[in-house]
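Quick notes on the structure that follows.
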Amino acid sequence: MEQRLVGKVAVVTGSSRGIGRGIAERLAGEGAKVVVNGRQPETVAAVAQALRADGAEVLAVPADVGLRAEVDRLFAETVASFGGVDILVNNVAWTGHRAHFLELDEAHWDTALGTNLKSAYLCAHRAANLMVDQGRAGSLIAISSFSAARAHRCLAAYDASKGGLEAFTRAIAVDLAPFGIRANVVGPGAIHTELHEQRGLAAARQRGATVPLGRVGMPADIAGAVAFLASDDAGYITGQVLYVDGGMLAQLRSPQVDDPLPPSVHARRRQPPGDPQPLRAWASGPVFPEYS
Ligand SMILES: NC(=O)c1ccc[n+]([C@@H]2O[C@H](COP(=O)([O-])OP(=O)(O)OC[C@H]3O[C@@H](n4cnc5c(N)ncnc54)[C@H](OP(=O)(O)O)[C@@H]3O)[C@@H](O)[C@H]2O)c1
């Protein structure tokens with residue numbers, strides 16, 4: 001593996017499993033000192049221990065990054081152990097239960113936006129101030145989703161938070177460019193994590209069937225893009241979104257194309273979808289003469 005990040009300190013939020021863990025492994029593999037985070041102390045400690053066993057320098061900091069005081073503690077412990085921060089990966093997210101917009105309540109909205117978007121502000125704000133005060137040219141990377149560009153069904157708050165993350169990143173990229181701090185987004189497609197592992201191989205194959213590259217992605221696929229953006233190889237890239245989705249956004253088909261409305265919402269629907277009108281009703285002549 002390349003060693004592009006030797007001497008760098010990387011904070012990866014939500015790295016106690018899933019994509020975040022894959023990112024922490026990759027950044028550590030490229031030589032960075034890594035701060036592992038999540039809310040559960042046991043899982044954070046276990047991942048940190050596994051990375052140390054592979055020879056990495058790792059700090060474990062359990063903290064809820066949706067809360068300012070916890071974020072302040074996360075960065076205070078990082079500075080105390082490693083002296084500062086060069087790379088921040090804002091990875092945590094709350095997807096929660098799916099909720100049709102007609103049934104999406106305020107608590108759901110607040111949790112999604114608080115976990116997914118406010119946490120990114122709190123962490124990036126703290127990290128960028130540290131970088132500027134220490135004269136470090138850092139890299140901020142947010143993990144968004146292809147859902148920032150195309151809608152999931154029944155995940156309006158999650159999708160809004162991801163779209164917000166991308167606009168937020170472009171804005172801070174401009175504000176922080178004079179300080180040599182870059183900010184970019186990696187937008188995963190359908191990625192296989194522990195959660196999906198529990199659902200079995202058939203479910204993974206079905207999930208991968210709508211992906212042009214023919215499979216779901218792995219955390220390592222996302223981690224490779226993050227390591228690139230964190231490294232000097234991406235030294236002239238800022239304010240960008242890099243979708244790592246196996247080609248999903250290059251096509252029209254959605255993985256949830258066949259999802260029906262939830263029964264409670266379907267019952268409230270008065271208008272049938274309706275068939276297309278006959279072409280002759282609105283076209284002045286044969287649109288496709290070969291079929292007329
Ligand atoms: N998997 C996919 O297919 C996919 C697709 C598109 C985008 N993404 C994005 O990729 C990122 C990672 O997704 P994932 O599937 O790997 O998620 P995941 O398996 O649910 O892992 C989430 C991680 O974040 C931690 N976490 C959650 N809330 C936190 C909080 N408030 N403070 C600190 N840590 C918190 C979790 O640990 P605790 O629960 O212990 O706190 C865990 O380590 C997310 O931004 C997600 O939106 C994923």
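The values are calculated or read from the model by the stated rules, or taken from the named source; none is laboratory data. Remember, predicted model here, so these are calculated numbers, not experimental data. We place every Cβ from the backbone using ideal geometry, glycine too, and count neighbours over all the protein chains shown.
Per-structure values
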quantity	calculated
In region 166-177, residue farthest from Ser139 (Cα to Cα) [restricted to those that are within 16 Å of the ligand (Cβ to nearest atom) and in contact with a strand residue (DSSP E or B) (Cβ under 7 Å, 6 or more places away or on another chain)]	Glu166
Pick from region 178-223, criterion within 14 Å of the ligand (Cβ to nearest atom) and among the β-branched types (Val, Ile, Thr), ranking: farthest from Gly135 (Cα to Cα)	Thr210
Filter result for the condition that a residue is touching a residue at least 40 places away in the same chain (Cβ under 8 Å), touching an Asp or Glu at 6+ places or on another chain (Cβ under 7 Å) and away from the ligand (no atom under 11 Å from the Cβ), over Arg4, Arg68, Arg26	Arg4
Residue under evaluation Asn37, criteria (1) outside any strand (DSSP E or B); (2) within 11 Å of the ligand (Cβ to nearest atom), criterion not met	(1)
Failed item, numbered, when Val85 is tested on (1) assigned to a helix (DSSP H, G or I); (2) in contact with a helix residue (DSSP H, G or I) (Cβ under 9 Å, 6 or more places away or on another chain); (3) touching a residue at least 24 places away in the same chain (Cβ under 8 Å)	(1)
Filter pass, Leu74 being more than 20 Å from His125 (Cβ to Cβ), crowded, with 20+ Cβ neighbours inside 10 Å and touching a strand residue (DSSP E or B) at 6+ places or on another chain (Cβ under 8 Å)	no
Test for Arg150: is it modelled with pLDDT under 95, touching a strand residue (DSSP E or B) at 6+ places or on another chain (Cβ under 9 Å) and not hydroxyl-bearing (Ser, Thr, Tyr)	no
Residue within region 92-101 that is within 13 Å of the ligand (Cβ to nearest atom) and either assigned to a strand (DSSP E or B) or touching a His at 6+ places or on another chain (Cβ under 8 Å) (or both) present	yes
Number of the exception - Ala60 against (1) assigned to a strand (DSSP E or B); (2) closer than 17 Å to Arg126 by Cβ	(2)
